[in-house]
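Have a look at the structure below before the remarks.
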Amino acid sequence: MVQAAEPVRSGLRKVIHIDMDAFYASVEQRDNPALRGRPVAVGGSAARGVVAAASYEARRFGVRSALPSAQAARLCPELVFVPPRFEVYRAVSRQIHAIFCDYTPLVEPLSLDEAYLDVTDDERGIGSATRIAERIRQRIRAETGLTASAGVSYNKFLAKLASDHNKPDGLCVIRPGEGAAFVAALPVARFHGVGPRGAERMAALGIHTGADLRTVPLAILRDHFGAQADYLFRAARGIDLRGIEPDRPRKSVGAERTFDHDIGSGTALRAGLATIVALAWTRIEATRAQGRTVTLKLRSADFHTITRARSLPHALSGHDELAQTAQALLDALLPLRQPVRLIGVTLSALDGSGSAGPDLAPAQQGTLPF
């Protein structure tokens with residue numbers, strides 16, 4: 001059954017998602033001319049560790065974040081490994097954030113290199129959300145020497161999809177009334193949180209695109225995808241009612257990875273966990289997070305999710321303690337009844353963290369065009 005397009009409401013939000021292009025690697029290439037045009041991996045080494053970020057030259061060989069460094073070196077023998085410089089990345093991130101705040105106070109950082117901006121109220125009288133995004137990208141290039149991609153739309157889900165659509169150094173606008181059609185044409189693997197295995201499961205049900213997903217009743221989605229069903233149902237229609245949460249306190253820092261193939265043996269699970277721990281620790285160092293609670297997340301092939309947590313009597317001391325704690329949580333679950341498609345590790349109970357405020361109500365004012 002064909003679904004009607006989402007209604008166009010007056011007073012919709014104007015949301016921009018800015019995503020820096022290969023941020024860590026681009027900073028390294030900017031600061032070291034010898035690296036420009038070469039495949040670069042930040043983090044790890046040819047022998048051990050995990051890739052924290054990869055340049056676009058490296059991505060053409062299949063190198064990506066969370067990939068074990070040894071595997072990355074096999075995929076790209078010319079790969080150059082450089083150690084991360086988090087102080088530099090944080091300094092550049094502060095520059096970029098300052099640019100954002102010149103256009104709106106409603107900025108929700110997601111990481112050092114990406115953020116949502118609500119520009120519904122045209123603070124500087126620029127005239128449209130698209131022009132604001134263009135100005136921000138121009139200033140980032142001029143002031144940092146780096147490129148950013150931007151997505152402009154009327155909700156966060158669509159703005160994030162749009163920012164990835166014309167990468168690198170691109171701009172994409174999804175206007176009111178266009179969201180459902182834009183999503184309909186996308187492969188479901190492009191939906192955040194679906195991943196390769198989720199896309200395979202959907203393909204087995206005849207679901208390949210957003211248009212296919214929209215034809216599936218919510219009850220059937222719940223039968224096959226559990227708690228993820230409601231998200232998939234809304235996403236297929238381009239719906240996202242979340243508001244921008246300016247400078248929200250960070251509740252946790254970590255990493256997760258959806259594997260190309262389900263893994264179930266203790267050896268494979270421990271190897272996968274070591275990779276995720278290494279990436280999580282890279283992010284913990286980048287944000288200077290200090291916390292006491294380590295949480296392990298496992299998602300099985302049928303999308304059932306298991307979480308286990310352990311709180312330490314003190315702030316986490318380093319990578320080794322994170323690895324040991326996560327490993328103990330995993331060992332307590334072995335043997336697993338089903339293989340898993342995803343492993344995640346997070347650190348929470350962060351110093352200075354607090355509960356985030358409620359979502360902003362959907363904007364009902366402002367006439368800033370797209």
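Worth pointing out:
- Selection within region 156-197: residues that are out of contact with any Ser or Thr (no Cβ under 7 Å at 6 or more places or on another chain), without any contact (Cβ under 8 Å) to a residue 60 or more places away in the chain and small (G, A, S). The member of this set that is surrounded by the most Cβ atoms within 10 Å (Cβ to Cβ) is A189.
- Scope region 249-269; condition crowded, with 16+ Cβ neighbours inside 10 Å and basic (K, R); matching residues: R250, R257
- Subset tally (residues that are in a helix (DSSP H, G or I), aliphatic (A, V, I, L, M) and surrounded by fewer than 17 Cβ atoms within 10 Å (Cβ to Cβ)) for region 296-333: 1
- When region 165-217 is limited to residues that are among the acidic types (D, E) and touching a Gly at 6+ places or on another chain (Cβ under 9 Å), the one that is farthest from F370 (Cα to Cα) turns out to be D212.
- Residue check for P68: in contact (Cβ under 8 Å) with a residue 24 or more places away in the chain and loosely packed, with under 14 Cβ neighbours inside 10 Å: no
- Of the residues making up region 286-295, those that are at pLDDT 90 or above and not in a loop (DSSP other than H, G, I, E, B) number 3.
- The criterion of at least 3 residues that are under 25 Å from R190 (Cβ atoms) is met, among helices (runs of 4 or more DSSP H) falling completely within region 68-180, by 69-75, 129-144, 156-163.
- Filtered residues of region 85-109 (kept if among the charged types (D, E, K, R) and more than 22 Å from V119 (Cβ to Cβ)): R85, E87, R90
- From the options V51, V119, residue that is assigned by TED's automatic domain parsing to the domain that holds L171 and among the hydrophobic types (A, V, I, L, M, F, W, C): V119
- If only residues of region 189-243 that are in contact with a strand residue (DSSP E or B) (Cβ under 8 Å, 6 or more places away or on another chain) and among the hydrophobic types (A, V, I, L, M, F, W, C) are counted, the one that is farthest from H304 (Cα to Cα) is A199.
The values are calculated or read from the model by the stated rules, or taken from the named source; none is laboratory data. On a predicted model such as this, the values are computed, not experimentally measured, just so you know. Cβ atoms come from the backbone with ideal geometry, glycine included; neighbour counts cover every protein chain shown.
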